[in-house]
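Read the structure below first, then the notes.
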Amino acid sequence: MEVLTKLPSFKFPCPSHCCSITSRSSSNVRFGFRRISPLSICASTVNEAVAEPTVDSPSLGHSTRPQFPILHQEVNGSKLVYLDNAATSQKPTAVLKTLQNYYEAYNSNVHRGIHFLSAKATDEYESARRKIASFINASDSREIVFTKNASEAINLVAYSWGLSNLKPEDEIILTVAEHHSAIVPWQLVAQKVGAVLKFVDLNQDETPDIDKLKEMLSRKTKIVVVHHVSNVLASVLPIRDIAQWAHDVGAKVLVDACQSVPHMMVDVQSLNADFLVASSHKMCGPTGIGFLYGKIDLLSSMPPFLGGGEMISDVYLDHSTYAEPPSRFEAGTPAIGEAIGLGAAIDYLSGIGMQTIHDYEVELGRYLYERLLSVPNIRIYGPAPSEKVQRAALCSFNVENLHPTDLATFLDQQHGVAIRSGHHCAQPLHRYLGVSSSARASLYFYNTKEDVDNFIHALNDTVNFFNSFK
């Protein structure tokens with residue numbers, strides 16, 4: 001029987017290659033300690049019946065953890081503490097079983113066959129579309145387009161709507177806090193048509209300056225591209241107000257909702273967004289599937305993004321005519337199992353209730369923020385939580401004179417704590433903040449205060465380890 005061991009938490013002699021850690025790039029991280037159990041996972045610990053210790057009144061985290069088999073394992077000799085949910089979420093048993101059932105019981109191509117398996121697959125695939133529409137309160141399921149991820153959904157809008165509607169000197173407004181997926185497609189389109197990108201800076205609270213955004217709007221503005229929740233700052237933007245201001249000057253609004261749809265109630269009709277995108281894998285669903293919401297009149301006016309089967313009406317040798325939305329934008333065989341799995345994830349989240357999830361995460365996120373403040377020489381980015389300011393349940397931070405990748409590597413190898421380090425696909429924002437990268441701990445509803453406590457203990461131990469070499 002293999003025995004998993006780990007090095008104790010004490011100060012090690014400083015090896016020669018441990019020096020100058022803060023000046024190294026993340027691609028060259030090396031440590032002066034041995035990784036005892038590389039990716040060691042005890043199969044016997046993967047058991048959905050395993051849960052946190054019994055408490056008098058179980059939290060949402062304690063009550064849902066048994067439904068996530070992956071959380072019940074050891075990594076590098078320590079109990080896994082998964083705090084990388086802004087990058088991707090874990091999947092409950094219900095979603096895993098739905099995927100398995102699709103491939104075992106009715107795997108078939110959709111929309112093309114009259115036999116039982118194809119009809120069953122088509123019904124489940126289209127049912128998932130209706131579930132998404134209901135989940136975000138779209139007025140019509142035709143307003144939901146399946147894409148491979150949110151990045152593709154933004155590219156779809158940029159190329160289909162953007163190339164058809166933008167002309168030289170037109171303005172596209174974004175913030176410096178946008179994900180690369182919301183910046184790069186519009187850079188490419190702007191270069192093709194001669195449009196101008198304008199960026200909103202942060203205010204003194206380290207949130208995008210909404211007053212400046214409002215001042216930037218003019219009749220030259222054709223589209224505003226903004227996040228709902230920042231994946232770095234944890235700030236939440238007033239989308240309904242932004243949409244109103246944009247519409248007043250005749251502009252459209254595209255909302256990156258990847259960090260909001262999984263964590264709170266999102267009502268596209270109330271927000272009055274023209275386009276909204278989200279990813280399945282951040283909301284307990286499979287990878288390889290996302291969606292675009294678009295108002296049906298806009299989608300109907302847009303040309304195809306990709307050509308192929310399914311998106312056509314008639315094909316001739318010299319021209320083709322195209323299907324109505326959403327089929328117009330879903331060329332080829334789609335990610336059928338993944339879409340059905342996303343539908344199961346929506347069923348799961350809806351069974352808990354998005355308001356319940358949001359309320360729990362607000363409390364847990366505040367607990368994370370307050371515990372992090374106890375770490376010496378830490379700098380947490382984004383607004384401080386208050387009665388008027390609610391942060392999302394994530395914290396990006398740096399510890400003075402320590403590289404975030406060094407922190408993340410030691411946390412993983414010595415404590416089994418999974419966080420993210422790097423620029424989080426937000427290089428312009430990090431440059432604005434005066435750093436090249438940061439560490440990020442991000443929560444979901446299956447996390448607990450015990451997870452946060454374990455993380456803070458591990459982080460303090462990590463900081464002490466590296467400080468011992470100074």
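The values are calculated or read from the model by the stated rules, or taken from the named source; none is laboratory data. Predicted, not measured: the structure shown is a model, and the values here were computed from it. Heads up, the Cβs are rebuilt from the backbone with ideal geometry, glycines too, and the neighbour counts pull from every protein chain shown. Only protein heavy atoms, including side chains, enter the accessible area calculation; ligands, DNA and RNA are left aside. Shrake-Rupley method; radii C 1.70, N 1.55, O 1.52, S 1.80 Å.
Checking the structure you have, find out if any residue of segment 326-344 is β-branched (Val, Ile, Thr), closer than 25 Å to Val452 by Cα, under 26 Å from the mean Cα position of the chain (by Cα) and surrounded by 14 or more Cβ atoms within 10 Å (Cβ to Cβ).
no
I'd like to check something: does segment 166-175 contain any residue that is at pLDDT 95 or above, crowded, with 20+ Cβ neighbours inside 10 Å, over 21 Å from Ile346 (Cβ atoms) and more than 24 Å from the chain's Cα centre (by Cα)?
yes
What are the residues in segment 125-141 that are surrounded by fewer than 18 Cβ atoms within 10 Å (Cβ to Cβ) and either in contact with a strand residue (DSSP E or B) (Cβ under 6 Å, 6 or more places away or on another chain) or basic (Lys, Arg) (or both), if any?
Of everything in segment 125-141, just one residue is surrounded by fewer than 18 Cβ atoms within 10 Å (Cβ to Cβ) and either in contact with a strand residue (DSSP E or B) (Cβ under 6 Å, 6 or more places away or on another chain) or basic (Lys, Arg) (or both), namely Arg130.
Has segment 191-201 got at least one residue that is touching a helix residue (DSSP H, G or I) at 6+ places or on another chain (Cβ under 8 Å), within 28 Å of Val435 (Cα to Cα) and β-branched (Val, Ile, Thr)?
Within segment 191-201 (the criterion being touching a helix residue (DSSP H, G or I) at 6+ places or on another chain (Cβ under 8 Å), within 28 Å of Val435 (Cα to Cα) and β-branched (Val, Ile, Thr)), the answer is yes, since at least one residue qualifies.
Touching a residue at least 60 places away in the same chain (Cβ under 8 Å), open to solvent by less than 40 Å² (accessible area, probe 1.4 Å) and among the polar types (S, T, N, Q): which single residue out of Thr147, Thr122 fits that description?
Just a single option satisfies the conditions, and that option is Thr147.
Would you mention how many residues in segment 176-203 are surrounded by fewer than 20 Cβ atoms within 10 Å (Cβ to Cβ), among the aliphatic types (A, V, I, L, M) and farther than 21 Å from Leu298 by Cα?
Final tally of qualifying residues: 5.
Consider Ser374 carefully, then state whether it is over 21 Å from Phe291 (Cα atoms), in contact with a Ser or Thr (Cβ under 8 Å, 6 or more places away or on another chain) and not hydrophobic (A, V, I, L, M, F, W, C).
Spelling it out, it is not the case that Ser374 is over 21 Å from Phe291 (Cα atoms), in contact with a Ser or Thr (Cβ under 8 Å, 6 or more places away or on another chain) and not hydrophobic (A, V, I, L, M, F, W, C).
Take the residues in segment 291-304 that are under 24 Å from the mean Cα position of the chain (by Cα) and farther than 19 Å from Glu338 by Cβ; name whichever of them is least open to solvent (accessible area, probe 1.4 Å).
In this case the residue turns out to be Gly294.
Contact list please: Cβ distance under 6 Å, first residue in segment 294-305 and closer than 14 Å to Gln269 by Cβ and assigned to a helix (DSSP H, G or I), second residue open to solvent by 40 Å² or more (accessible area, probe 1.4 Å) and among the basic types (Lys, Arg), pairs at least six apart or on different chains.
If the second residue must be open to solvent by 40 Å² or more (accessible area, probe 1.4 Å) and among the basic types (Lys, Arg), the pairs left are Ile296/Arg142.
When you go through (1) among the aromatic types (Phe, Trp, Tyr); (2) within 24 Å of the chain's Cα centre (by Cα); (3) open to solvent by 20 Å² or more (accessible area, probe 1.4 Å) one by one for Phe469, which number turns out not to apply?
Failing condition for Phe469: (2).
Is at least one residue of segment 441-450 under 22 Å from the mean Cα position of the chain (by Cα), under 20 Å from Leu373 (Cβ atoms), open to solvent by less than 10 Å² (accessible area, probe 1.4 Å) and among the charged types (D, E, K, R)?
Checking segment 441-450: not a single residue is under 22 Å from the mean Cα position of the chain (by Cα), under 20 Å from Leu373 (Cβ atoms), open to solvent by less than 10 Å² (accessible area, probe 1.4 Å) and among the charged types (D, E, K, R).
Quick one: would you say Ala393 is closer than 13 Å to Ala234 by Cβ, surrounded by fewer than 18 Cβ atoms within 10 Å (Cβ to Cβ) and either of a type in the set (Gly, Ala, Ser) or touching a strand residue (DSSP E or B) at 6+ places or on another chain (Cβ under 8 Å) (or both)?
no
Within segment 310-325, can you find the residues that are out of contact with any strand residue (DSSP E or B) (no Cβ under 9 Å at 6 or more places or on another chain) and either among the hydrophobic types (A, V, I, L, M, F, W, C) or open to solvent by 50 Å² or more (accessible area, probe 1.4 Å) (or both)?
Answer for segment 310-325, where residues must be out of contact with any strand residue (DSSP E or B) (no Cβ under 9 Å at 6 or more places or on another chain) and either among the hydrophobic types (A, V, I, L, M, F, W, C) or open to solvent by 50 Å² or more (accessible area, probe 1.4 Å) (or both): Tyr316, Leu317, Asp318, His319.
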